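The values are calculated or read from the model by the stated rules, or taken from the named source; none is laboratory data. Just so we're clear, the structure is a prediction, and the values are computed from it rather than from any experiment. All Cβ positions, glycine included, derive from the backbone under ideal geometry; neighbour counts span all protein chains shown.
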Amino acid sequence: MCNPSCELRFAISKRCESTMGEENRDEKTDACGEVGPTSSPKPEPLTAAQFLSWKQRKDEEEAAKKAEAARKRAEDIASGAVQMNGRELFLHEPWVFDNDLY
């Protein structure tokens, strides 16, 4: 005897086979009850002006996010909460890289 999932698949396939000959009463579902593609109205094409306004708005949002992250990083560095990378260390404490002492 098959396992329960095998029996379930068999029952589903039998149900689909039995309803294959019938006409589809509901256009959104097929004979097996699965939802198929529906015919939706075609969206209006995007104009160049609409795209440029969206792109400008998106770029402004991204710049604001980057500026906020940089401000937060600078605050964390100033408070000593995070470790500086090499570039930040060179900008904040250039005397560390002075080789004239040796």
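Among the residues of the stretch 40-62, are any more than 29 Å from the chain's Cα centre (by Cα), modelled with pLDDT of 90 or more and of a type outside the set (Lys, Arg)?
no
Does any residue in the stretch 74-86 that is part of a loop (DSSP other than H, G, I, E, B) come within less than 6 Å, Cβ to Cβ, of a residue that is not hydroxyl-bearing (Ser, Thr, Tyr) six or more places away or on a different chain, and which pairs are these?
Between residues of the stretch 74-86 that are part of a loop (DSSP other than H, G, I, E, B) and residues that are not hydroxyl-bearing (Ser, Thr, Tyr), the close pairs are VAL82/ASP76; MET84/ILE77.
Would you pick out the residues in the stretch 87-102 that are exposed (fewer than 10 other Cβ atoms within 10 Å of the Cβ), more than 34 Å from the chain's Cα centre (by Cα) and assigned to a helix (DSSP H, G or I)?
Within the stretch 87-102, PRO94, TRP95, VAL96, PHE97, ASN99, ASP100, LEU101 meet the criteria.
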